[in-house]
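Here the structure is laid out as structure tokens; the discussion comes afterwards.
The values are calculated or read from the model by the stated rules, or taken from the named source; none is laboratory data. Model, not experiment: these values are computed from the prediction. Reconstructed Cβ throughout: ideal geometry from the backbone, glycine too, with neighbour counts over all protein chains shown. The area values use the complete protein model at the heavy-atom level, side chains included, leaving out ligands, DNA and RNA. Shrake-Rupley method; radii C 1.70, N 1.55, O 1.52, S 1.80 Å.
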Amino acid sequence: RDLKPNTIRANTNLVKANFGDWLDKELRFITPAMVVQRFDQISKSSASTANSATRILRAIWNYARAHTATDTGEYTLPENPCARVSDLKRWHKPKRRQKHLTNDQYPAFFAGLEMVAQQTASNRHKDAGQTLAHLSELILRTGLRKMEAATLEWNNVSFKNRTFTIAADRAKNGNELVLPMSVLIVTES
């Protein structure tokens, strides 16, 4: 699939950090036991990293297996050794985030944003603090992803219709997304 540059960079970093010593190995020499052992090793420091890194390894393996098959469709690589993690039911169940700001915490949060904006303004980057404060508030009030909010352009904002549009090339799922503005977004703008 076509991946966004940030996704490619993140995946590359995960592979290098967790399977860097395997980069010179031929795939056919990576065994299911090796994958399970590495998965367990990574899990000791981070369950989510173990899941993510192993899923990326699985995707790389599947791609390589499909693209190295003979013209008659015979595979030159063995089955994906990451399947052993599934067979052993080792995948970690993600924990849903439970933390959120409560109504009584908003004033302190916004005061903190304003303080950061003022401190940054007194340093070298005069407008950076205010930009960060505004971006953080937009993300909080809309639920946008960081890059969706940071790359939002004025031509994608309609105060008349009270909507803003995330362009397809900037949306995570690749589909244009038209979202309504809350009353707070309209009145605070």
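My understanding is that a pair violates if its Cα-Cα distance is over 32 Å; which of K25/K99; K99/K160; K44/K99; K93/K172; K89/K172; K95/K160 do that in this structure?
From K25/K99; K99/K160; K44/K99; K93/K172; K89/K172; K95/K160, over 32 Å: K25/K99; K99/K160; K95/K160.
In deg cm²/dmol and to the nearest 500, what is the mean residue ellipticity at 222 nm of the chain if only DSSP H runs of at least 4 residues count, each as -39500 (n - 2.57), divided by the residue total?
The helix-only estimate for the chain comes to -16000 deg cm²/dmol at 222 nm.
For K160 and D104, what does the FRET efficiency come to when R0 = 22 Å and r is the distance between their Cβ atoms, rounded to the nearest 0.05?
Step by step, r from the Cβ atoms, then E = 0.05.
So between A171 and R9, what do we pick up on full extension, going 0.36 nm a residue minus the alpha carbon distance?
Between A171 and R9, full extension yields 56.6 nm more.
Within the chain, what whole-number % of the accessible surface is contributed by carbon and sulfur, with the 1.4 Å probe and all protein chains included in the calculation?
For the chain, the apolar C and S fraction of the accessible surface comes to 52 percent.
Which order do E148, E26, E176 take by accessible area at a 1.4 Å probe, largest first?
These residues rank, largest area first, as E176, E26, E148.
From the phi of every residue in the range 3-17, what ³J(HN,Hα) in whole Hz does the Karplus formula 6.51 cos²θ - 1.76 cosθ + 1.60 yield, where θ is phi - 60° and glycine or proline is x?
10, 6, x, 5, 5, 4, 4, 5, 5, 4, 5, 5, 5, 4, 5
Hey, what's the chain come to in accessible area per residue, 1.4 Å probe, Å²?
Ligands and nucleic acids excluded, the result is 74 Å² per residue.
With all protein chains present and a 1.4 Å probe, how do F29, F164 order by accessible area, largest first?
Result of the area sort, largest leading: F29, F164.
If each of T131 and R65 carries a label point 7 Å out from its Cα toward its Cβ, how far apart are those two points in nm?
Result for the modelled spin labels: 4.6 nm.
At a Förster radius of 30 Å, what calculated FRET efficiency corresponds to the Cβ-Cβ distance of K16 and A111, to the nearest 0.05?
0.15
Using a 1.4 Å probe, how large is the accessible area of Y75, given in Å² and rounded to the nearest 10?
Approximately 130 Å² for this residue.
For the chain, what is the relative contact order in percent, using Cα pairs closer than 8 Å and at least 6 residues apart in sequence?
Here the relative contact order equals 11 percent.
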